[in-house]
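Working notes, beginning with the structure itself.
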Amino acid sequence: MAERHFQTDHIDRAIIKALQKNGRESYKNIAKDLDVSDGTVRLRVEKMIKSGYLKVSASVDPLYFENCIMAQIGINLESPANRDVMEQIATFKGVQSVNNVTGRYDIVIEVFMDSRSELRRFLLEDLSMVKGVSGSESFVFLESINKWAELPEEE
């Protein structure tokens with residue numbers, strides 16, 4: 001993994017906190033609360049986004065509708081820490097994140113699907129196409145507190 005050289009300070013962290021509360025908050029209001037110029041806020045946000053440190057986006061409650069399914073899937077690989085496999089899985093519809101982890105699984109992914117049949121398709125069709133996957137175990141979320149996700153792409 002490439003070394004990153006971005007440093008944050010208390011102003012950057014305060015800006016992030018404000019955006020976490022309300023991603024649509026104006027730079028002018030954030031600047032007023034922090035006693036800095038709105039140009040300072042704008043430039044710092046742009047710098048954090050450009051560096052890959054910050055992403056401002058809309059998220060939904062994945063369990064808001066009864067038919068939606070959120071799950072974590074532990075995956076064992078034939079060759080641990082296989083970046084190619086991770087990148088391939090990340091391209092599938094509904095995949096929120098792909099994580100190289102410690103423990104009994106090589107990677108853990110998080111998926112958000114519109115239905116049980118979509119999760120079934122993902123597990124039986126998409127994952128079975130990935131060379132190097134030797135097994136998986138799924139954990140479907142029944143309830144959640146403070147869980148947010150990106151809306152799955154339409155096909």
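Note on region 60-78: among residues that are part of a loop (DSSP other than H, G, I, E, B) and in contact with a Lys or Arg (Cβ under 9 Å, 6 or more places away or on another chain), the one that is surrounded by the fewest Cβ atoms within 10 Å (Cβ to Cβ) is Asn67.
Here are Arg24, Arg42: which of them is outside any helix (DSSP H, G or I) and without any contact (Cβ under 8 Å) to a residue 24 or more places away in the chain? Before the answer, list the steps.
Details: Arg42 fails: outside any helix (DSSP H, G or I).
Exactly one of Arg24, Arg42 is outside any helix (DSSP H, G or I) and without any contact (Cβ under 8 Å) to a residue 24 or more places away in the chain, namely Arg24.
So, Phe139, is that one surrounded by 17 or more Cβ atoms within 10 Å (Cβ to Cβ) and either among the β-branched types (Val, Ile, Thr) or modelled with pLDDT of 95 or more (or both) or not? No: the conditions fail for Phe139.
Quick grid of which residues meet (1) part of a strand (DSSP E or B); (2) in the same structural domain as Lys21 (by TED's automatic domain parsing); (3) out of contact with any helix residue (DSSP H, G or I) (no Cβ under 6 Å at 6 or more places or on another chain):
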residue	(1), (2), (3)
Met86	no, no, yes
Ile89	no, no, yes
Phe92	no, no, no
Val108	yes, no, yes
Leu119	no, no, yes
Gly135	yes, no, yes
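Screening Ser57 with (1) hydroxyl-bearing (Ser, Thr, Tyr); (2) surrounded by fewer than 12 Cβ atoms within 10 Å (Cβ to Cβ); (3) free of Cβ contacts under 8 Å to residues at least 60 places away in the same chain gives one miss only, at (3). Only a single criterion out of (1) assigned to a loop (DSSP other than H, G, I, E, B); (2) touching a residue at least 40 places away in the same chain (Cβ under 8 Å); (3) surrounded by 10 or more Cβ atoms within 10 Å (Cβ to Cβ) is not satisfied by Met48, namely (1).
The values are calculated or read from the model by the stated rules, or taken from the named source; none is laboratory data. Bear in mind that the values here come from a model prediction, so they are computed numbers and not experimental data. In this analysis, Cβ positions are derived from the backbone assuming ideal geometry, glycine residues included, and neighbour counts consider all displayed protein chains.
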